[in-house]
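Only one structure is covered here, and it is reproduced in the block below.
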Amino acid sequence: MTGLEKILKAIEEEAMANADTVISKANQEAEEIIAAATSEAQKKCAEIATKSEADVNAANARAQSAAALQERKLMLEAKQQVISNVILNAKNTLLQLPVSEYFDVILRMVLKYSLKLTRNDYRRIFRRRFKLP
């Protein structure tokens, strides 16, 4: 080997060694970047899973609340229907009474459920009931 060939071979070996070092360093940096990206991706996945679970729980809570509200609404409607039927039946029963019984029942209801009546109110009621002057 001549001197030039030795120099070229030395340069080539040095270049190969430098290339191996650069490639090794680049591979190490790539592995670090991949590891960091993987770690970040796992963190994001965990955050997304936590948020999704919270969203699902909130949606379930809203659905349960809406169902309970609907149930209360249906119960209220049923109660209102029952009350309406009771009032209608009471009205029909009153209207079917003979006139004297009808006015007796009305008078008792007024006396029982009205506001505080004065003596004058009672006099008027009894005068009309018994057709007094």
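A single entry from L132, L111 fulfils the requirement of being at pLDDT below 90 and in a helix (DSSP H, G or I): L111.
Among the candidates K79, K25, K73, K51, single out the residue that is surrounded by 10 or more Cβ atoms within 10 Å (Cβ to Cβ), free of Cβ contacts under 8 Å to residues at least 24 places away in the same chain and over 44 Å from the mean Cα position of the chain (by Cα).
Going through K79, K25, K73, K51 in turn, just one is surrounded by 10 or more Cβ atoms within 10 Å (Cβ to Cβ), free of Cβ contacts under 8 Å to residues at least 24 places away in the same chain and over 44 Å from the mean Cα position of the chain (by Cα): K25.
Here the stretch 1-23 is the region considered, the condition is being of a type in the set (S, T, N, Q) and not in a loop (DSSP other than H, G, I, E, B), and the residue that is modelled with the highest pLDDT is T21.
The values are calculated or read from the model by the stated rules, or taken from the named source; none is laboratory data. Note that the structure is predicted; figures quoted are calculated from it, not measured. Reconstructed Cβ throughout: ideal geometry from the backbone, glycine too, with neighbour counts over all protein chains shown.
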